[in-house]
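The structure that follows is given in the form of structure tokens.
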Amino acid sequence: MSSKPRIKPADAEDGRPVSISARLGRLQFHYSGKFRVLQIADIQDGPKVSKDTITLIEASLDATRPDLVIFSGNQIAGYDPAFADSFRKRRWCNEPIAESALNHTRALVRKAIGQFTEPLAARGIPWAVTYGNHDFQCGILADEQDDLYREFAGCMNPVAGSSPLALEPGTFALPIEASDGSGRITMSVMMVNSGDYADTADAGDGNGRQSVTEYAKYAANSRGWDLADSDGYGTPSPEAVEWLKRVQRELGRRNGDGQAVPAIAFQHIPPQEFYDCLREVPAYTPNAVEGAREFAGHCYVLDRDVCRPGSRLGEAIGCADVNVGEVDALREAGGYFALFCGHDHKNSFVGHVHDIDLGYAPTCGFECYGPKSRFRGIRLFEFREDNPMAYVTRMLTWGDLVGRYSSNELRVFFEDHCVTDLIGIRNELRRPQVFATLIGVGSMGLAALAHATLKLFRR
């Protein structure tokens, strides 16, 4: 899959909205029969969003002129020190947080949202968001964050429960109408709130709040702290799984034929079926990654028989420990042809298993862990009205759109190679470049030691 942009940027003097849907006031296929979507995953930043992240967003918008942008969760790094006074390690924290702290956090969240949505507002591009496992940790839960997002131009998040198409914050449908203006729904984009953490009691003071020492550890290593030492990831609610089936019936009713419409779903945390895109291999296999939690002790590489060209596996799939049957529900409902996630910042593969495409967008952020700068990016989808299921997707990477290196390459290098546990160490040692470097350094060290020893005995 080529990452080269094919679409010329808008002329500087063209002040019209980039998206034809914005011009019409509804999501609709172009008269050319095309509809373009960008998936932006894991900005994961605090109130001062990285300039490199904004640059990547702007470059991707100008290269593709999308009709809709999807933020698939973890826009907000809730563990950022700026949110320390209102920080919640877990959503069910019931210890009161001072209203002054919450007000301060609200202002900071608004500031962050304004920064990463400003490029879309300036170009007149509609957008929608769902939530991940870090957004809420700032202390502002998803329902209130939904209200904050709707304050900004272009937000398409509906009020939860306002229609059969809107279940809860982060779980709703965005129908895309036919190009002929008939109002017929040709396809739908489904947003799913995939949960955050397993709903079990955890450490701390019994209320989900952390001591100062625990918070310091968490903020320094938020991902490893949760993945290795905590209670596992969450899942879509039972209501959301049922809604994924029910909403197709509603769309069929609106079309008047009762038929499921072609649909693509976006959420943050991947379901367990993503592991079916991989092939188990011996532990010594170069570039293999070891599975996480329930899949620990097994090593995997991409199954090239089911994955598209250009796919990359950079880390373990961080799914929940339980399978709630979401993929089965998509198959049962009919119409669904793809489910795309974020969450695992180094993964960008697309595989076809269980009669559905399962895929990733890697992180586009530059203040969180992830791959090398040139591989951080945003995923483009191009759908055709006559057959939305035959979509084209490719990565728009920093390396293709901006340059090889970021403005803080030292930090990116560290975040690419940082390890949080023994699994991470073993995965790093399976990277041929890392292994060769360690062997080289070790050989030089042994040579120096031998030289020093010889000099000692010659005295």
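Determine, yes or no, whether Arg123 is modelled with pLDDT under 95, farther than 29 Å from Arg254 by Cβ and not hydrophobic (A, V, I, L, M, F, W, C).
Criteria met by Arg123.
Quick grid of which residues meet (1) in contact with a Leu (Cβ under 8 Å, 6 or more places away or on another chain); (2) surrounded by 24 or more Cβ atoms within 10 Å (Cβ to Cβ); (3) on the phi > 0 side of the Ramachandran plot:
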| position | (1), (2), (3) |
| --- | --- |
| Ser311 | yes, no, no |
| Glu315 | no, no, no |
| Asn323 | no, no, no |
| Ala338 | yes, no, no |
| Gly365 | no, yes, no |
| Ile378 | yes, yes, no |
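A follow-up question, please. Which of the numbered conditions does Asn387 fail, given that it passes all the others? Conditions: (1) farther than 26 Å from Arg430 by Cβ; (2) surrounded by fewer than 22 Cβ atoms within 10 Å (Cβ to Cβ); (3) in contact with a Leu (Cβ under 8 Å, 6 or more places away or on another chain); (4) of a type outside the set (Lys, Arg).
In the conditions (1) farther than 26 Å from Arg430 by Cβ; (2) surrounded by fewer than 22 Cβ atoms within 10 Å (Cβ to Cβ); (3) in contact with a Leu (Cβ under 8 Å, 6 or more places away or on another chain); (4) of a type outside the set (Lys, Arg), Asn387 misses (3) alone.
Among the numbered criteria (1) in contact (Cβ under 8 Å) with a residue 40 or more places away in the chain; (2) buried (at least 20 other Cβ atoms within 10 Å of the Cβ); (3) among the hydrophobic types (A, V, I, L, M, F, W, C); (4) in contact with a Phe, Trp or Tyr (Cβ under 8 Å, 6 or more places away or on another chain), which one does Ile113 miss?
Condition not satisfied by Ile113: (1).
List every residue pair whose Cβ atoms lie under 7 Å apart, where the two residues are 6 or more positions apart in sequence or sit on different chains, the first residue falls within segment 274-301 and is on the phi > 0 side of the Ramachandran plot, and the second residue, located anywhere, is at pLDDT 90 or above and not in a loop (DSSP other than H, G, I, E, B).
Asn287/Val301
Give just the number: which of (1) out of contact with any helix residue (DSSP H, G or I) (no Cβ under 7 Å at 6 or more places or on another chain); (2) in a helix (DSSP H, G or I) does Ala338 not satisfy?
Condition (2) is where Ala338 drops out.
For Phe83, are the conditions met, namely being among the aromatic types (Phe, Trp, Tyr), buried (at least 24 other Cβ atoms within 10 Å of the Cβ), under 19 Å from the mean Cα position of the chain (by Cα) and at pLDDT 95 or above? Steps first, answer last, please.
Numbers: among the aromatic types (Phe, Trp, Tyr): yes; buried (at least 24 other Cβ atoms within 10 Å of the Cβ): yes; under 19 Å from the mean Cα position of the chain (by Cα): no; at pLDDT 95 or above: yes.
When the stated conditions are applied, Phe83 does not pass them.
The rows are residues; the columns are (1) surrounded by 20 or more Cβ atoms within 10 Å (Cβ to Cβ); (2) aromatic (Phe, Trp, Tyr); (3) touching a helix residue (DSSP H, G or I) at 6+ places or on another chain (Cβ under 9 Å).
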| position | (1), (2), (3) |
| --- | --- |
| Pro238 | no, no, no |
| Arg246 | no, no, yes |
| Tyr284 | no, yes, no |
| Ala288 | yes, no, yes |
| Glu294 | no, no, yes |
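So which of Pro169, Pro119, Pro158 ends up being free of Cβ contacts under 8 Å to residues at least 40 places away in the same chain, under 24 Å from Cys364 (Cα atoms) and either surrounded by fewer than 22 Cβ atoms within 10 Å (Cβ to Cβ) or in contact with a helix residue (DSSP H, G or I) (Cβ under 7 Å, 6 or more places away or on another chain) (or both)?
On inspection, the qualifying residue turns out to be Pro169.
For segment 353-369, how many residues are among the small types (Gly, Ala, Ser) and assigned to a loop (DSSP other than H, G, I, E, B)?
Adding up the residues that qualify gives 2.
Being modelled with pLDDT under 95 and either of a type in the set (Lys, Arg) or closer than 30 Å to Pro175 by Cβ (or both) is the filter here, so list the residues in segment 375-416 that pass it.
Arg404, Arg411
Right, next: Looking only at segment 304-314, decide whether some residue is farther than 30 Å from Glu177 by Cα, charged (D, E, K, R) and out of contact with any Ser or Thr (no Cβ under 7 Å at 6 or more places or on another chain).
Checking segment 304-314: at least one residue is farther than 30 Å from Glu177 by Cα, charged (D, E, K, R) and out of contact with any Ser or Thr (no Cβ under 7 Å at 6 or more places or on another chain).
Does Ala107 satisfy the criteria of being within 23 Å of Lys51 (Cα to Cα) and out of contact with any helix residue (DSSP H, G or I) (no Cβ under 7 Å at 6 or more places or on another chain)?
yes
Can you tell me which of Ile40, Ile70, Ile76, Ile54 is surrounded by fewer than 20 Cβ atoms within 10 Å (Cβ to Cβ), assigned by TED's automatic domain parsing to the domain that holds Gln267 and aliphatic (A, V, I, L, M)?
Ile54
May I pose another question? Applying the selection to segment 27-50, what residues are over 30 Å from Pro388 (Cβ atoms) and either among the hydroxyl-bearing types (Ser, Thr, Tyr) or more than 19 Å from the chain's Cα centre (by Cα) (or both)?
Of everything in segment 27-50, those that are over 30 Å from Pro388 (Cβ atoms) and either among the hydroxyl-bearing types (Ser, Thr, Tyr) or more than 19 Å from the chain's Cα centre (by Cα) (or both) turn out to be Lys48, Ser50.
Can you tell me how many residues in segment 31-74 are among the β-branched types (Val, Ile, Thr), under 13 Å from Ile125 (Cα atoms) and in a helix (DSSP H, G or I)?
Final tally of qualifying residues: 2.
Yes or no: Asn103 part of a helix (DSSP H, G or I), in the same structural domain as Asp344 (by TED's automatic domain parsing) and farther than 28 Å from Ser406 by Cα?
It is true that Asn103 is part of a helix (DSSP H, G or I), in the same structural domain as Asp344 (by TED's automatic domain parsing) and farther than 28 Å from Ser406 by Cα.
Which members of segment 229-270 meet the condition of being closer than 19 Å to Gly314 by Cβ and modelled with pLDDT of 95 or more? Talk me through it step by step, then tell me what you get.
Here is the first cut: in segment 229-270, the residues closer than 19 Å to Gly314 by Cβ are 233, 268-270.
The answer is His268, Ile269, Pro270.
The values are calculated or read from the model by the stated rules, or taken from the named source; none is laboratory data. This one's a predicted model, so the numbers in the text were calculated from it and none came from an experiment. Neighbour counts run over all protein chains shown; Cβ positions are idealised from the backbone, glycine included.
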